[in-house]
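Engineer: Below: one structure in structure tokens.
The values are calculated or read from the model by the stated rules, or taken from the named source; none is laboratory data. This one's a predicted model, so the numbers in the text were calculated from it and none came from an experiment. Because the Cβ atoms are built from the backbone with ideal geometry, glycine has one as well, and the counts that use them run over all protein chains shown.
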Amino acid sequence: MESKRFSGFDLERELSVHWLRWTLLAWGVIAGWYLWNRWGQINGLALGDTDDNMRLMQVRALLDGQGWYDLRQYRLSPPGGLDIHWSRLVDLPIAALILIFKPFMGTPMAERLACGIAPLFPLGVTMAALGLTVRRLIAPAAWPLAIIILMGCTATMLMFVPLRIDHHGWQLACLALTVAGLADPRRARGGLTVGLSSAASLTIGLELLPYCAIAGAIVTLRWVWDGGEVRRIQAYALSLAGGSTLGFAVFASNANYAMRCDALTPVWLSVTIASGMLLFALSLLNPASRAARLGLAAVAGAAIAGGFAGLFPQCLSRPEGVSDELYNTWLNNVREARPIYKHSFAMGFPIAVLPVIGIIGAAVAAMRARTADQLVAWVAIGLFTAFAGAMLLWQIRAGPAAQLLAVPGATALAWIVVPWFLGHKWMPVRILGSAAAFLLVSGLFAGFVVKYVKVDTPKPNRAVVARANARCMSAAGMSLLDRSLPPSTLFTHVDLGPRLIVMTHHKGIAGPYHRNERAILDVHHAFTGKPEAFRPIARRYGAQYLLVCPNMAESTVYRAREPNGFYGQLAKGKVPAWLEPVRLPRKAPYRLWRIRYDRR
């Protein structure tokens, strides 16, 4: 007995029985390493994404007394402000951390710590949910392998790093919980998990709406195939409808009471409630015939789809509800909204590899399933992963979800393949073969491929643009603007707006948020139009200064669209007389002018 303890038997038992304790310990180690490794960025509040900057501004506004249901950002597009279609749900952990740290170290450092720590919470939820999934479907001790593979999911892990405070990490955590619910053999608990995680995801935002719909379809099809699944579909139906209603009542902003298609508004709330009621009604009927259940499910699906099309025809096109001009001018240029094949090999290949492996792994695991519940769960995960992989052909922003969903399938494949090599009689095969097999089935080999296989031709100005983006967004650059001017309204690039209001006392004009079509188009019209058209637009917002970042990515769009437009002429040194230069330090990344208006 003692020999078994020292030979690893007790370790396996410990990992199986106390898996959650060890998962939390692993999360703590990973979180600690992230905080140590990125402390410089945290201390400099280096929020690199516009959405992360805007999220912090939303939290600041809440803590400064702005209404719970008022999510307008009043320091952009003055005087009325910009409508932000988000939910307060993601603001809560950030605000709570700021309130905890503030008495001990002051507001600035409390904000930095909150932005560094908050993204690590959904990572912990995701690790636990994936561990639960592979324990249920593969083996009780398989969860460490899933966590290791998750750590190699580059696109997914970027959503959990310190300072990534926007909602994507929490939505991925909801998706991981949904998969755990689909894998749950206890029907009522599994349905409840899927319903509540879907409702929470929809409350946060609609980015994962297709995945929520697929999860609901899987729950329904399980009931169609097996009438004994009635408790699962009942729990799912009630929790989806009830959770969405609660999420809307507590977290929907005043603006989201309009019949919009881009958030959990009355449009999508009516869909979730109707879907829940219809599914619950079907479960009460629960005919014995599989064909009858399929017919009822088809009628319910047709009723929901037909009702949606009839009542909300405006939502059958772009959910953002933007004009063709805004789509072509701005939204079509958003990199993450482009399909994977329009990105470089170095970016696309590592993202696409793991979903393919995950699909293969889920298929193999389904063929080896020991129970009907495991078979259905693996089929569901395989379909989920295949759907996410197909979404990459639409937008590369599906990459984090696609990699996350591939983890269970990749773990199953590794659980089968790696032990075969470890048990081989030849030492070189055991060492080299097992290492190579893990690199292959985990998708980690993709990093070596893109490192040594050069198939992309780098654009000559890419480094220049990247340097300009970094310098203009930096805390050092922003501090120059804070010190050089009294609080003012600066007319500047759309992508610079959120960072400007976070790091300075100034106001901006626009941010990259689709509900603010007029402000975004005004900025583009001002920079691409004739010089004489600029001042009337700037006057509308009360702008006192013009701020540009030469070679910033957005500025290349202006120059490409209208080389002789206002920005194009500024870039060539043709500055109109009504722009008065403002002296900045020689190494400043910006150019700044005071706007002189005609006196009337």
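Engineer: Just wondering, is there one or more residues in segment 227-234 that are more than 22 Å from F280 (Cα to Cα), assigned to a helix (DSSP H, G or I) and in contact (Cβ under 8 Å) with a residue 12 or more places away in the chain?
Structural biologist: Checked segment 227-234: no residue is more than 22 Å from F280 (Cα to Cα), assigned to a helix (DSSP H, G or I) and in contact (Cβ under 8 Å) with a residue 12 or more places away in the chain.
Engineer: Given A468, A446, A463, A436, which one is at pLDDT 75 or above, part of a helix (DSSP H, G or I), of a type in the set (A, V, I, L, M, F, W, C) and exposed (fewer than 12 other Cβ atoms within 10 Å of the Cβ)?
Structural biologist: Exactly one of A468, A446, A463, A436 is at pLDDT 75 or above, part of a helix (DSSP H, G or I), of a type in the set (A, V, I, L, M, F, W, C) and exposed (fewer than 12 other Cβ atoms within 10 Å of the Cβ), namely A463.
Engineer: Note down all Cβ pairs under 8 Å where the first residue falls in segment 72-88 and is in contact (Cβ under 8 Å) with a residue 60 or more places away in the chain and under 24 Å from H168 (Cα atoms), the second is acidic (D, E) and assigned to a loop (DSSP other than H, G, I, E, B), and they're at least six residues apart or on different chains.
Structural biologist: Between residues of segment 72-88 that are in contact (Cβ under 8 Å) with a residue 60 or more places away in the chain and under 24 Å from H168 (Cα atoms) and residues that are acidic (D, E) and assigned to a loop (DSSP other than H, G, I, E, B), the close pairs are H85/D262.
Engineer: If you don't mind, there's one more thing I want to ask. When the residues of segment 520-540 are narrowed to those that are crowded, with 22+ Cβ neighbours inside 10 Å and in contact (Cβ under 8 Å) with a residue 60 or more places away in the chain, which ends up nearest to G80 (Cα to Cα)?
Structural biologist: It comes out as I520.
For (1) without any contact (Cβ under 8 Å) to a residue 60 or more places away in the chain; (2) part of a helix (DSSP H, G or I), each residue gets a yes or a no:
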position	(1), (2)
P144	no, yes
P162	no, no
D166	no, no
V179	no, yes
A188	yes, yes
P210	no, yes
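Engineer: Only one residue in W19, W36, W27 is surrounded by fewer than 18 Cβ atoms within 10 Å (Cβ to Cβ) and not assigned by TED's automatic domain parsing to the domain that holds F160. Which one?
Structural biologist: One residue alone meets the criteria, W36.
Engineer: Is it true that G65 is in a loop (DSSP other than H, G, I, E, B), free of Cβ contacts under 8 Å to residues at least 40 places away in the same chain and out of contact with any Leu (no Cβ under 8 Å at 6 or more places or on another chain)?
Structural biologist: Answer is yes for this residue.
Engineer: For segment 519-539, check the following and say yes or no: at least one residue is over 24 Å from T329 (Cα atoms) and among the polar types (S, T, N, Q).
Structural biologist: Within segment 519-539 (the criterion being over 24 Å from T329 (Cα atoms) and among the polar types (S, T, N, Q)), the answer is no, since none of the residues qualifies.
Engineer: I've got another one for you. Taking the options P78, P93, name whichever one is in a loop (DSSP other than H, G, I, E, B), surrounded by 14 or more Cβ atoms within 10 Å (Cβ to Cβ) and either modelled with pLDDT of 95 or more or not assigned by TED's automatic domain parsing to the domain that holds G181 (or both).
Structural biologist: P78
Engineer: Among the residues of segment 569-577, are any surrounded by 15 or more Cβ atoms within 10 Å (Cβ to Cβ), in contact (Cβ under 8 Å) with a residue 40 or more places away in the chain and small (G, A, S)?
Structural biologist: The answer is no; no qualifying residue exists.
Engineer: Is it the case that G116 is in contact with a helix residue (DSSP H, G or I) (Cβ under 8 Å, 6 or more places away or on another chain), surrounded by fewer than 19 Cβ atoms within 10 Å (Cβ to Cβ) and modelled with pLDDT of 95 or more?
Structural biologist: The answer is no for G116.
Engineer: Test of understanding: among A298, A352, which residue is assigned to a helix (DSSP H, G or I), assigned by TED's automatic domain parsing to the domain that holds V224 and surrounded by fewer than 18 Cβ atoms within 10 Å (Cβ to Cβ)?
Structural biologist: After applying the criteria, what remains is A298.
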